[in-house]
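**Q** I have a structure I would like to understand better, so I am pasting it below and will then ask my questions one at a time.
The values are calculated or read from the model by the stated rules, or taken from the named source; none is laboratory data. The structure presented is a predicted model; accordingly, all values stated were derived computationally and were not measured. Using ideal geometry, Cβ is built from the backbone for each residue, glycine included, and neighbour counts are taken over all protein chains shown. Just the protein is used for accessible areas: all its heavy atoms, side chains included, with ligands, DNA and RNA removed. Shrake-Rupley method; radii C 1.70, N 1.55, O 1.52, S 1.80 Å.
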Amino acid sequence: MNHRNQILFLVFAIFVSSYFSFSSSTSDDNQFSSAADGKVLELVDSNFDSAIASFDFLLVDFYAPWCGHCKRLSPELDAAAPVLAKLEKPIAIAKVNADKYTRLATKYEIDGFPTMMIFMHGVPVEYNGPRKAELLVRFLKKFVAPDVTLLESDSAISNFIEMAGTNFPIFVGFGLNESVVSELAIKYKRRAWFSVAKDFSEEAMITYDFDKVPAMVSMHQHYNERSVFYGPFEGDFLEDYVKQSLLPLTMPINYETLKMLKDDERKVVLTILEDESNERSVQLIKLLRAAASANRDLIFGYVGYKQWEDFADTFGVNKKTKLPKMIVWDRDEEYFTVVDSENLEEEDQGTQITRFLEGYREGRTEKKSISGPSIMGFLNSLISIKSVYLLVFIVAVIMLIQTINKQDDQDEVPQRTQAHPTGDQGSSSASESENKPVYRPADKED
């Protein structure tokens with residue numbers, strides 16, 4: 001094997017060894033049996049794929065040993081595991097040291113710790129729910145629940161809503177046939193609860209605020225919001241209502257809710273407040289909710305300058321800006337202000353909101369660009385561990401090529417010398433000895 005091949009083979013072997021670091025594991029027959037007893041599995045490169053294939057539902061925690069949040073999450077997973085293991089459709093829990101097993105971190109684009117993913121029949125979905133054991137169990141039950149739950153009494157309706165909790169929107173079809181809802185329930189299973197109420201009283205109609213059937217009631221328990229759809233239930237009308245109701249009528253803008261906006265194509269009516277928690281802001285949010293109910297083709301969001309100054313700053317807001325301020329944001333790099341309706345005065349804010357929306361729809365706007373990087377672009381292009389490893393590998397290859405070329409340059413002279421005839425050595429020996437490089441043991445490169 002010549003010098004060049006030796007170097008290539010050595011570097012390739014080192015790279016493959018580090019990238020595919022395997023660890024010993026027990027046989028496939030019994031290595032995952034502890035999950036049935038409610039134990040959290042420890043996965044490595046060599047048994048990860050087997051685990052994914054062995055469980056219909058598997059929650060995987062990608063962690064790093066030095067991560068404080070990971071250390072706090074670990075006992076919560078230990079507490080949740082035995083409860084989830086006893087479900088009719090059990091959910092197993094596993095964890096992976098993503099700081100050590102970088103191939104897995106790269107494959108699943110793990111950007112931070114902890115990152116949790118639930119694998120449903122082998123398909124990964126990022127988990128963004130609560131991390132306390134009790135709430136985590138309630139959240140995960142969503143993924144193994146029936147597509148559509150049939151409810152046959154008032155108590156069954158209330159029990160279903162209580163069980164569903166506050167993390168997902170809830171859709172209850174009163175007087176609707178299951179077949180009308182089932183296709184949408186399958187399509188949006190990961191994002192909402194769906195049910196059909198067959199038998200219910202007039203008292204239930206009052207409780208859930210509808211006065212005729214059939215009706216679809218959507219609820220966002222976390223935001224204490226409810227809306228009713230009376231049809232038509234044919235074509236795309238029902239799906240349009242479901243899509244628009246996946247988000248609350250008004251939502252605070254923060255890191256978590258920004259992720260929710262990624263799957264929605266609507267523009268955002270954004271109201272920037274001084275402090276979203278003070279009483280004046282609370283009253284304004286109620287007015288925004290009423291406006292949102294009548295303008296379902298738009299998302300209504302709000303953010304407090306006090307709560308997220310950096311985000312507000314991208315829209316030209318600073319400590320001297322008169323607030324509240326309303327804009328329409330395309331969720332990317334552009335937003336619109338409405339001429340003469342940008343800021344809200346304290347009096348009669350409901351009328352001012354109506355005037356703002358009318359001005360936007362009539363085109364009395366001024367288009368502007370956000371300052372700094374796109375917020376949604378930031379969420380979509382966070383540098384991943386995969387990118388880092390790729391960059392390191394590219395640099396290593398470049399250095400290898402440079403080393404090989406340098407070695408080739410040094411080897412070329414003696415190779416050419418050996419190729420010359422040996423005749424007339426007397427006349428050429430002096431010049432050759434002057435030009436021929438002198439090699440010493442210390443000069444040799446392995």
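**Q** Tell me yes or no: at least one residue of region 303-319 is in a loop (DSSP other than H, G, I, E, B), more than 19 Å from T354 (Cβ to Cβ) and aliphatic (A, V, I, L, M).
**A** yes
**Q** For region 247-268, enumerate the residues that are surrounded by fewer than 19 Cβ atoms within 10 Å (Cβ to Cβ), out of contact with any Phe, Trp or Tyr (no Cβ under 7 Å at 6 or more places or on another chain) and in a loop (DSSP other than H, G, I, E, B).
**A** Hits for region 247-268 are K262, D263, D264, E265, R266.
**Q** Suppose the filter is touching a residue at least 12 places away in the same chain (Cβ under 8 Å) and either touching a strand residue (DSSP E or B) at 6+ places or on another chain (Cβ under 8 Å) or within 26 Å of G129 (Cβ to Cβ) (or both); does N224 pass it?
**A** Judged against the criteria, N224 is not a match.
**Q** Can you tell which of L238, L258, L249 is out of contact with any Lys or Arg (no Cβ under 7 Å at 6 or more places or on another chain), in contact (Cβ under 8 Å) with a residue 40 or more places away in the chain and under 28 Å from G304 (Cβ atoms)?
**A** After ruling out the rest, the residue left standing is L258.
The rows are residues; the columns are (1) exposed (fewer than 15 other Cβ atoms within 10 Å of the Cβ); (2) part of a helix (DSSP H, G or I).
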| residue | (1), (2) |
| --- | --- |
| A105 | no, yes |
| E109 | yes, no |
| M117 | no, no |
| V125 | yes, no |
| P130 | no, no |
| L136 | no, yes |
| K141 | no, yes |
| P146 | yes, no |
| L150 | yes, no |
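**Q** Looking only at residues in region 81-96 that are of a type in the set (K, R) and more than 22 Å from the chain's Cα centre (by Cα), which one is least open to solvent (accessible area, probe 1.4 Å)?
**A** The residue in question is K89.
**Q** Next question. Given the residues K368, K406, which is the only one that is at pLDDT 65 or above and either part of a helix (DSSP H, G or I) or in contact with a strand residue (DSSP E or B) (Cβ under 8 Å, 6 or more places away or on another chain) (or both)?
**A** Being at pLDDT 65 or above and either part of a helix (DSSP H, G or I) or in contact with a strand residue (DSSP E or B) (Cβ under 8 Å, 6 or more places away or on another chain) (or both) holds for just one of K368, K406, which is K368.
Residues checked against (1) under 19 Å from K142 (Cβ atoms); (2) of a type in the set (S, T, Y):
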site	(1), (2)
G68	no, no
A85	yes, no
Y101	no, yes
L104	no, no
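**Q** Another question about this same structure. Can you find, within region 205-239, the residue that is farthest from the chain's Cα centre (by Cα) among those that are part of a helix (DSSP H, G or I) and within 19 Å of G165 (Cα to Cα)?
**A** T207
**Q** Let me ask another. List the number of the failed condition for S371; all other conditions in (1) in contact with a Ser or Thr (Cβ under 9 Å, 6 or more places away or on another chain); (2) surrounded by 12 or more Cβ atoms within 10 Å (Cβ to Cβ); (3) within 23 Å of T257 (Cβ to Cβ) hold.
**A** The number of the failed condition is (2).
**Q** Quick one: F300 ticks every box in (1) surrounded by 18 or more Cβ atoms within 10 Å (Cβ to Cβ); (2) in a loop (DSSP other than H, G, I, E, B) except a single one, so which number is it?
**A** With (1) surrounded by 18 or more Cβ atoms within 10 Å (Cβ to Cβ); (2) in a loop (DSSP other than H, G, I, E, B) applied to F300, the lone miss is (2).
**Q** What are the residue pairs meeting all of these: first residue in region 288-302, first residue over 19 Å from I272 (Cβ atoms), second residue open to solvent by 30 Å² or more (accessible area, probe 1.4 Å), Cβ atoms under 7 Å, and 6 or more apart or on different chains?
**A** R296/Q244; D297/R266
**Q** Quick test of your reading of the structure: D78 fulfils all but one of (1) within 24 Å of S54 (Cα to Cα); (2) assigned to a helix (DSSP H, G or I); (3) out of contact with any Pro (no Cβ under 9 Å at 6 or more places or on another chain); (4) open to solvent by less than 50 Å² (accessible area, probe 1.4 Å). Name the failing condition by number.
**A** (4)
**Q** Within the set of pairs 6+ apart or on separate chains, which have a first residue in region 37-56 that is closer than 19 Å to M120 by Cβ, a second that is part of a loop (DSSP other than H, G, I, E, B) and open to solvent by 40 Å² or more (accessible area, probe 1.4 Å), and C-beta atoms under 6 Å apart?
**A** So the pair list comes out as S50/D28; D56/H121.
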